[in-house]
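The values are calculated or read from the model by the stated rules, or taken from the named source; none is laboratory data. No experiment lies behind these values; they were computed from the predicted model shown. Neighbour counts are summed over all protein chains in view; Cβ atoms, including those assigned to glycine, are modelled from backbone coordinates with ideal geometry. These area figures cover heavy atoms from the full protein model, side chains too; ligands, DNA and RNA do not enter into them. Shrake-Rupley method; radii C 1.70, N 1.55, O 1.52, S 1.80 Å.
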Amino acid sequence: MTTTKTADVDGTLAQVYALAGAGADIVRITCNEVEAAQGLAEIVPRSPVPIIADIHYQYRLALAAMEAGVQGLRLNPGNIRKEDQIKTVAKEARDRGLPIRIGVNAGSLDKDLMEKHGAPVPEALVESALIEARYLEEVDFTDIKISVKHSNVRQMIASYRLLADAVDYPLHLGVTEAGPPPGGLIKSVAGIGTLLNEGIGDTIRFSLTADPVEEAKAGRQLLEFLGLRERKGLDLIACPSCGRAEVDVIEVATRAQEALEAANLPIQVAVMGCVVNGPGEAREADIGIAAGRGRGHLFIKGQVVRVVPEEEMVEALLDEAQKLVDEGLDARLAHAEANAEEIAAAERRQLIEIRGDANQSAQRRARVAEVAGGD
Ligand code: SF4
């Protein structure tokens, strides 16, 4: 959702483009005054993605937003409460072929339902959504999507589960007012991720107290990590570092992330703190770098292909990543330096001698053999 004043057409469009670039497929924009609706009339035709008008309190602004050309509406049943007004909007949306999201929010629940239930409990949120859905259905409007957002993650999950049992309409997921990262991210991932894994949910939004581009990025990444959306950008994995690290993993990972994000390569890249366990632990990554003794070991699918001075690690990683994207896996493996694996193996052995084997495999094997051979 944009955070600019909608009347500021250029500012809002710039944000819409930034959101679309970060992975947003739909952008919601507030339509809270006549000037906002007028702004939408200029924004919608120039937007790269469908625009949803966010409507509270004034049903006439929903009519104005449709006239401005938006591709959908979000209505809050908690503050547009008159049945005839809701039906007027629904009829207009029906005639224009536009969808409506019934956007119930625990923080702005219908006051009658608040009184009836005493708190914005899941039953109250779902009841609000069902009442609104009935109004829409009564005028033959069924192009409906529903959300029942709550700021409490457990209540949010319970609300959507209840709703999913009650209706077949598509559901839009979100933890409302999740707050700034990292807490806001964790709440959103916990709530949205749990439901998506249960097969509940059709669209999502992270509501963070942050630049909305962060919301779009986080939402896209969650979908990619859950395998619900094809990865289009970088996936950087990095080891958490430990006493065995031969390099400042955080610093190298940060530099690599900045460089690779700028290059926008659609690959999984690993940054590992040591060559002892790094290439093996990250063998699923397309490409990665592991630190040896003053050197960086560049690996592709777990195979070490180049050894470079430590200060050239990030540049070498970027160079090889670009070549991997351009030339493909087989071509790059064919270009592997002949002795790279040997050098890596030798350094691995040296490091194990100096620091010991973190997994203590030799001792464990000996102990197992001892127990197995005992009488
Ligand atoms: S890759 Fe090496 S430095 Fe990183 S966590 Fe594993 S053992 Fe530690």
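Does A316 satisfy being touching a strand residue (DSSP E or B) at 6+ places or on another chain (Cβ under 8 Å), among the small types (G, A, S), within 16 Å of the ligand (Cβ to nearest atom) and in contact (Cβ under 8 Å) with a residue 12 or more places away in the chain?
Judged against the criteria, A316 is not a match.
Quick test for you: out of V304, V275, pick the one residue that is within 16 Å of the ligand (Cβ to nearest atom), touching a residue at least 60 places away in the same chain (Cβ under 8 Å) and in contact with a helix residue (DSSP H, G or I) (Cβ under 7 Å, 6 or more places away or on another chain).
V275
Restricting to region 236-258, count the residues that are more than 8 Å from the ligand (Cβ to nearest atom) and crowded, with 17+ Cβ neighbours inside 10 Å.
7
What pairs can you find where one residue is in region 216-228 and among the basic types (K, R), the other is in a loop (DSSP other than H, G, I, E, B) and open to solvent by 40 Å² or more (accessible area, probe 1.4 Å), and their Cβ atoms are less than 7 Å apart, with a gap of 6+ or different chains?
R220/R229
Within region 193-219, restricting attention to residues that are of a type outside the set (V, I, T) and open to solvent by 40 Å² or more (accessible area, probe 1.4 Å), which residue is farthest from the ligand (Cβ to nearest atom)?
The qualifying residue farthest from the ligand (Cβ to nearest atom) is D202.
For region 256-279, how many residues meet the condition of being touching a strand residue (DSSP E or B) at 6+ places or on another chain (Cβ under 9 Å) and assigned to a helix (DSSP H, G or I)?
6
Please tell me if L195 is part of a helix (DSSP H, G or I), out of contact with any Pro (no Cβ under 9 Å at 6 or more places or on another chain) and under 29 Å from A129 (Cα atoms).
Judged against the criteria, L195 is a match.
Filter region 23-36 for residues that are open to solvent by 10 Å² or more (accessible area, probe 1.4 Å) and aliphatic (A, V, I, L, M) and give the result.
Selection gives A24, I26, V34.
If the requirement is being crowded, with 16+ Cβ neighbours inside 10 Å, acidic (D, E) and modelled with pLDDT of 85 or more, which of these qualifies: E315, E320?
E320
Can you tell me which condition L298 does not meet? The list is (1) in contact with an Asp or Glu (Cβ under 6 Å, 6 or more places away or on another chain); (2) in a loop (DSSP other than H, G, I, E, B), and all the others hold.
(2)
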